[in-house]
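Here's the structure we're looking at; comments come further down.
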Amino acid sequence: MNETGGLTRSLTSLTGIIKDNLSLYLRGTTSLLILTFSLPSIIINIINVFIFINTRVTDSITVCFLTLAAADLCSMLLLTVKALCSFFVAMSVSWSSSLDIISFSLGGIYSLSSDFSSAVTTYIALQRGLCVALPFMARILFTKNKSLKAITAIFIFLMLCALPRMLSFRVVKSRHRVGTNSSAVLIISFLESWVVADGFYLIFVKTVLVCLEYCTMILCAAAIFVGLRSSIELKYSSSASSKFENHRNIHNQSGSGKHAENIKREGNLDAKDVGRKVCKTEKKRESKETAVVKQSLLVVLIQVICTTPRVTVCLYQFFEPRFQIGKQYHNLFYVVYLGMNVVDSINAFLNFFVYFRLNSKFRNHFKLVFKTSSFVKNTKL
């Protein structure tokens with residue numbers, strides 16, 4: 001393999017950085033933090049997928065939450081392997097020379113899973129936001145079948161965007177000769193020889209799409225919050241008005257004779273029962289819709305909070321070309337991206353508690369599946 005001058009300079013810089021003790025210590029520490037959250041997240045998202053499948057997927061929002069749980073499960077599995085590779089490299093294990101290549105190869109698939117998870121969350125935010133702003137149109141647009149088609153189209157689109165970069169790395173890897181500092185040479189050779197594929201992925205997928213999703217989630221979360229607040233205020237206002245109307249009717253009828261009271265008891269008894277049942281059903285439906293809105297809002301807010309560091313880093317990487325593998329800030333690049341992976345694993349870990357707290361169907365099926373556990377029976381989140 002002929003090494004160009006740029007490759008030799010990058011490799012020299014990279015060799016010095018890899019031998020830096022602080023860099024290895026930080027990589028090992030952040031890798032352990034990732035494993036602390038990613039391993040429980042795998043178990044939790046397996047439970048999420050299993051419960052959502054058992055609740056019978058009948059509506060659009062359940063389709064979205066099921067897909068989100070599956071995407072999080074896939075990304076956490078890949079992230080766990082990446083974290084293990086990074087940890088063994090940091091520990092300078094004798095057989096860890098090729099682990100950086102494995103980690104870099106899995107990084108493309110992990111990024112696809114992570115981007116898909118973020119896109120599904122954006123779709124949930126857009127769906128609930130339009131339900132608040134345009135409820136009648138949203139009922140037509142966001143059906144179960146249409147959501148399945150939309151989510152499938154999103155995945156195909158993201159896969160097509162990531163495919164050129166993954167395939168080009170496979171081409172470089174197939175031509176690579178194993179030698180001294182083999183992993184470093186291979187990764188830097190790919191980044192220097194396939195600038196177009198890597199640049200498209202960095203600019204379009206990791207900068208433009210990430211920022212667009214981030215802004216969409218913020219706007220939709222604001223719309224959901226305003227709509228939820230207005231709905232609660234309207235509910236309290238309607239309740240107070242209904243109580244006042246009932247009190248006034250009782251006061252007006254208090255002076256009537258026995259005949260009028262008999263008519264009220266006999267003639268309007270069935271109407272009262274029907275009215276109470278209708279009112280009870282309506283309140284139950286409104287309560288369920290409010291819980292779905294709160295659940296979606298919390299999932300979106302968690303995603304927004306956890307995406308903020310990634311958006312900041314992606315923008316910094318776009319404007320600072322030295323912040324990448326083999327460049328001046330290579331050391332910082334590894335540590336920062338491992339730190340963002342810690343945030344990603346926390347994000348995948350938290351969604352279960354939102355589902356359990358605000359989704360009664362999810363909670364009931366969870367308790368039914370794990371009914372032998374006294375802890376689950378007595379747990380109140």
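The values are calculated or read from the model by the stated rules, or taken from the named source; none is laboratory data. Just so we're clear, the structure is a prediction, and the values are computed from it rather than from any experiment. What goes into the accessible areas is simple: the full protein's heavy atoms, side chains included, and nothing from ligands, DNA or RNA. Shrake-Rupley method; radii C 1.70, N 1.55, O 1.52, S 1.80 Å.
Data for the structure
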| read-out | value |
| --- | --- |
| Links that overshoot a 25 Å alpha carbon limit, given the list LYS82/LYS327; LYS206/LYS327; LYS146/LYS371 | LYS146/LYS371 |
| By accessible area with a 1.4 Å probe, ligands and nucleic acids excluded, highest first: order of PHE204, PHE356 | PHE204, PHE356 |
| Spread of Cα-to-Cα distances over 10 Å intervals beginning at zero, given as percent, for region 70-145 | 18, 30, 21, 15, 11, 5, 0 |
| Under the Karplus curve 6.51 cos²θ - 1.76 cosθ + 1.60, θ = phi - 60°, whole-Hz ³J(HN,Hα) for region 107-115, x wherever Gly or Pro sits | x, x, 5, 4, 4, 4, 5, 5, 5 |
